[in-house]
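Below: the structure, in C-alpha cells.
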Amino acid sequence: MAPFFLLSKKRYAGMLFAGGDNINGKQSFTGLEIVRRDNCKLLKQTQTEFFQEILQNISPEGAARSLLKNIKDLMTGKVPLEMLTISKKLAKAKYAGNQIHVSLNDRIRERTPALAYSVGSRVPYVVVAGPGPLYERGENPQFVKDNFLAIDRQYYFTKQIMGPMTRLLVPLFGHKNTKIFFERAQQGAIHIHFKSNKEDWIPPLLGEEEEKKVTKKRKAPPQKNNLQNYFKKSRT
C-alpha cells in the first residue's frame, strides 16, 4: 500500500509509483503550499523534508524534528535570504487595497525607474523588520543585502511556517499538542536559542490529544401512550 496523506478532497500528498515499480516512487502533491509559487522557498523545503519523513520513512516524529530544525535555523539566522524571498504577480497596475508587492514596485520606480516591474511580471520581495504595516515592509532582496536591513523573522515563523504547518501537524498530533509544539518553538524564537529541555520536545502521536468534552445526553421525558390512556379513560 502506498503512503498517502489526505487533508481534504483537493489537498493531499502521496507516493506515486509508475510502471509497476513498487520501490522507486516519488512524492506527489496536490493543493498544498509546496506546489504554489507565492510562498518562500523555506516553506517548500520544510514541507519537502516533512513529507519525506511521513511518506518515505513513515516517521511522524522525524517529521516534527525536521520542522523544529527549520524553525531553529530561521530564528538563529542560518537561513539564506534567497530562501526567504517571496514573489507575487503584478496582475494589474492599480489595486483597490494596499498590496505589499505593489507598494514595493512603487518604491523601486521612485529609486530606480529602470528596475521597476511591468504588469504581468512577478515581484520578488522579503519582509523586513520595522514599525510600519506589512504592505510597507516588503523590500527587494538585493536592496536588503546592500543596506544590511533586518529581516522580520517573526513574520516568517508565524505566517510562512506556523500557519501552513499547523494544518499538517494537527492530523498527526492533535490540536492541543500542535499548539504546545509551536508555543515551545515560539519561546525559543523569542530568546533566539532553544533550551535543551524544550528543543528536543516532540509531541506524542495522538497520545495526549485535547480532552474531549463530554456532553451529557438529556433524557427525554417518558412519553405517555395516549391511546392506552384513552382506553383507560373510556372504561371509567
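The values are calculated or read from the model by the stated rules, or taken from the named source; none is laboratory data. As the structure is a computational prediction, the values presented were derived from the model and not from experiment. Cβ coordinates were reconstructed from backbone atoms using ideal geometry, including for glycine residues, and neighbour counts include every protein chain displayed.
Taking region 165-202 on its own, how many of its residues are modelled with pLDDT under 80 and touching a Phe, Trp or Tyr at 6+ places or on another chain (Cβ under 7 Å)?
Count: 2.
What are the residue pairs meeting all of these: first residue in region 127-151, first residue assigned by TED's automatic domain parsing to the domain that holds Asn98 and closer than 21 Å to Lys41 by Cα, second residue outside any helix (DSSP H, G or I) and basic (Lys, Arg), Cβ atoms under 6 Å, and 6 or more apart or on different chains?
Going by the 6 Å Cβ cut-off, the qualifying pairs are Val127/Arg137; Val128/Arg137.
For region 78-99, which residues satisfy the criterion of being within 20 Å of the chain's Cα centre (by Cα) and closer than 22 Å to Gly132 by Cα?
Matches in region 78-99: Leu81, Leu84, Thr85, Ile86, Ser87, Lys88.
From the residues in region 79-135 that are of a type in the set (D, E, K, R) and not in a helix (DSSP H, G or I), which one is surrounded by the fewest Cβ atoms within 10 Å (Cβ to Cβ)?
Lys94
Could you check region 118-144 and list, in sequence order, the residues that are over 17 Å from Asp38 (Cα atoms) and of a type in the set (Phe, Trp, Tyr)?
Residue satisfying the conditions is Phe143 alone.
Any residue at all in region 12-21 that's in a loop (DSSP other than H, G, I, E, B), surrounded by 14 or more Cβ atoms within 10 Å (Cβ to Cβ) and of a type in the set (A, V, I, L, M, F, W, C)?
yes
Need the failing condition index for Asp73 against (1) loosely packed, with under 13 Cβ neighbours inside 10 Å; (2) of a type outside the set (Val, Ile, Thr); (3) without any contact (Cβ under 8 Å) to a residue 12 or more places away in the chain, just the number.
So the condition that Asp73 fails would be (1).
Only one of these conditions is not met by Met83: (1) at pLDDT 95 or above; (2) over 24 Å from Val35 (Cα atoms); (3) not aromatic (Phe, Trp, Tyr). Which number is it?
The failed condition is (2).
Restricting to region 18-62, give me the number of residues that are of a type in the set (Ser, Thr, Tyr) and either over 18 Å from Pro164 (Cα atoms) or at pLDDT below 85 (or both).
2
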